[in-house]
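All remarks here apply to the structure that follows.
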Amino acid sequence: MKTLEQELSRIDLNLLVSLSVLIKEKNVSRAAEKMFLSQPAMSRILGRLRDLFDDPLFYRESNGLQPTAKTLELETHLDRILFSIDSLVNSTNFSPKTCEKAFRISTPPLMSKLLTAPLAKKIYDLAPKVTLEEYPSAADPTLLLKENHVDFSIHIKDTAIGNEYLSEKIGHTYPVIYGVADHPLLKKKQVSIDDCLEYSFVDLSLDIRSIGEYLNPLDVELLKQGKSRKIAFRSGQLSTLLESIEGTNRLIIGGHLLEQDAILGSRFKAITSFSLAHFAVNIYLVEHKRTASSPPHQWLKSLIIESIKSKFTIAS
């Protein structure tokens, strides 16, 4: 009977890496580019994978390669295997200075500049060979984590998460309504939510794949009172949202620290804010459990928390 080592010796582990990239890219050319290979070389690797698993693994459709049932079965184990190998290799020799990984995170667009810019600067100082990629949040952070599109998701809603994911509350903010610097409401001594509801709002849009609609705590409270905001425009980009309210009386809801962001300049002002006690928006860091034992990922996690700590009060 062959030993485990003898069985595994016939397998080129690079094939598993290539399979993982093919599953994510769903395109031979893009997978080849990710692996720094030619397209014919990646096609040959796909042929070897098909022989190894005795399955076509993918079939072609107009929108790219689609996985077979066998591939979907393999996918459930593949990430765990690759991360285990990565942890084994890096557990004793991980060094930020020499790390060459590409990390991907998702953040709410309205928080991006405050959260990600300081993080990118820290990475530049501590790990100059590391690449950081940022993507907009989805209403359900597990959508991006499950498919390994991102390593961490910074989120503003405590989504119901099973044993597959880890969620940690790392800070909080509260909603503030902003408008142009000469907005009529700024002439009032006290501004109520009903005063604001007389005007239309622009609002953040999340990933189109998200199921359902995210409601911030202010919207939840309004619904309890039988009230709602009129949304005139949605975008995933803060700069676009702000440009769309210039020269208008439209309003936008943002976190309290947005007022410190230079992007507001002198063109926009806080109209009214809502107490942290009643309208707290908690900030969560969500990860897939496959990265929980990875030294590089846990190093990045500590940097993310430290970066947020410099801007937001850490929740107790």
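Values as computed for the structure displayed
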{"item": "Radius ratio Rg over Rh of segment 175-279, counting only Cα atoms, Kirkwood formula for Rh", "result": "0.94"}
{"item": "Sequence-distant residues sharing a close amide H with Asn27 (under 5 Å, placed H)", "result": "Leu65"}
{"item": "Acute angle (nearest 10 degrees) that the helix 295-309 long axis makes with the longest principal axis of the chain, alpha-carbon atoms", "result": "10"}
{"item": "Normalised contact order of the chain, rounded percent, pairs of Cα under 8 Å and 6 or more residues apart", "result": "23"}
{"item": "Listed residues Leu13, Leu119, Leu22, most fluctuating in the chain (Gaussian network, C-alpha, under 10 Å)", "result": "Leu13"}
{"item": "Residue-averaged [θ]222 nm for the chain, counting only DSSP H segments that reach four residues, each worth -39500 (n - 2.57)", "result": "-11500 deg cm²/dmol"}
{"item": "Cross-link partners of Lys70 among aspartates and glutamates (Cα-Cα below 14 Å; sequence separation of 8 or more within a chain)", "result": "Asp51, Asp54, Asp55"}
{"item": "Long-range tail of P(r) for segment 4-90 (Cα pairs > 21 Å, %)", "result": "29"}
{"item": "Relative contact order, percent, segment 175-279 [alpha-carbon distance under 8 Å, six or more residues apart]", "result": "53"}
{"item": "Debye log10 I(q)/I(0) for segment 254-294, one point scatterer per Cα, at q = 0.20, 0.30 Å⁻¹", "result": "-0.74, -1.09"}
{"item": "5 angstrom amide H check on Asn148, placed H, neighbours 5+ away", "result": "none"}
{"item": "Cα long-axis angle, helix 39-53 against the chain (0 to 90 degrees, to the nearest 10)", "result": "70"}
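Values in this text are rule-based calculations from the coordinates and carry no lab data. If you're wondering where the values come from, they're calculated on a predicted model, not measured in any experiment.
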